[in-house]
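First comes the structure, then the notes that go with it.
The values are calculated or read from the model by the stated rules, or taken from the named source; none is laboratory data. Nothing here was measured: the structure is a model prediction, and the numbers come from that model. Note that each Cβ is placed from the backbone with ideal geometry, even for glycine, and that neighbours are counted across all protein chains shown. The protein model used for the area step is the full one, side chains on, heavy atoms only, and it has no ligands, DNA or RNA in it. Shrake-Rupley method; radii C 1.70, N 1.55, O 1.52, S 1.80 Å.
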Amino acid sequence: MAIECIAAGDEGSRRAAVQALTLAFVRDPVMRWLFPSPQAYLEHFPKFAAAFGGPAFDAGTAWRSDDASGAALWFPSGVHPDAEAIAAALFGAIEPAKHGDAAGLMEQMGAFHPQEPHWYLAILGVDAARQGQGLGAQLMRDALARCDEEGLIAYLESSNPANVSLYRRHGFEVIGEIQAGESPVSFPMLRPAR
């Protein structure tokens, strides 16, 4: 399986990556808490994923498998999430009763986010039909190599406890827990510079 970097402005590959992520997160505890009905999930998750990972597409640090079954959206040092786009995609879509808990999650994510130069894995996902075949590891390879070349740490939040072991195999360690109100727990993870 070949991994391709998505060129900035390649709208077809961008759509394919978001579609792969939509299939990958269909059973994710946090995403399904935010978007519990199938209709809400299928309508709103793609917009949320595009907003949350958008800077990776613009920076040329988004990767996908050549069969479009997986994608990884990384932010290099100096590239930051677009908080306004994320808030618009999230709070315009979820039930008002969850607004406080969702805001608490975002606040905690910000508190764990490193302040020093780093690479941030915003979203990584593999279609359920392809999970367990090493594609997630392949999708991390190029960005982690660049982290190592630059001598930088890498950071992510795992919204699914089942994925923590994958990230640990690549040098990430859990540094806390993120949870607000009724939300499921997410795990901020840090990979030291090498």
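Of the helices (runs of 4 or more DSSP H) lying entirely inside segment 1-77, the ones with 1 or more residues being of a type in the set (G, A, S) and under 16 Å from the mean Cα position of the chain (by Cα) are found at 11-24, 38-59.
Condition first: within 22 Å of R27 (Cβ to Cβ), touching a residue at least 12 places away in the same chain (Cβ under 8 Å) and of a type in the set (V, I, T). Can you find one or more residues in segment 167-176 that meet it? Taking every residue of segment 167-176 in turn, at least one turns out to be within 22 Å of R27 (Cβ to Cβ), touching a residue at least 12 places away in the same chain (Cβ under 8 Å) and of a type in the set (V, I, T). Residue-level check: of (1) in contact with a Phe, Trp or Tyr (Cβ under 7 Å, 6 or more places away or on another chain); (2) more than 22 Å from F48 (Cβ to Cβ), R141 misses just (1).
I'd like to check something: does segment 74-83 contain any residue that is open to solvent by less than 10 Å² (accessible area, probe 1.4 Å) and farther than 27 Å from E150 by Cα? Within segment 74-83, not a single residue is open to solvent by less than 10 Å² (accessible area, probe 1.4 Å) and farther than 27 Å from E150 by Cα.
Pairing residues of segment 68-90 that are farther than 19 Å from H44 by Cα with residues that are assigned to a loop (DSSP other than H, G, I, E, B) and of a type in the set (S, T, Y), at Cβ distances under 8 Å and at least 6 apart in sequence or on separate chains, gives W74/T61; F75/T61; P76/T61; V79/T61.
Is it the case that some residue within segment 141-154 is at positive phi and in contact (Cβ under 8 Å) with a residue 60 or more places away in the chain? Scanning segment 141-154, I find no residue that is at positive phi and in contact (Cβ under 8 Å) with a residue 60 or more places away in the chain, so the answer is no.
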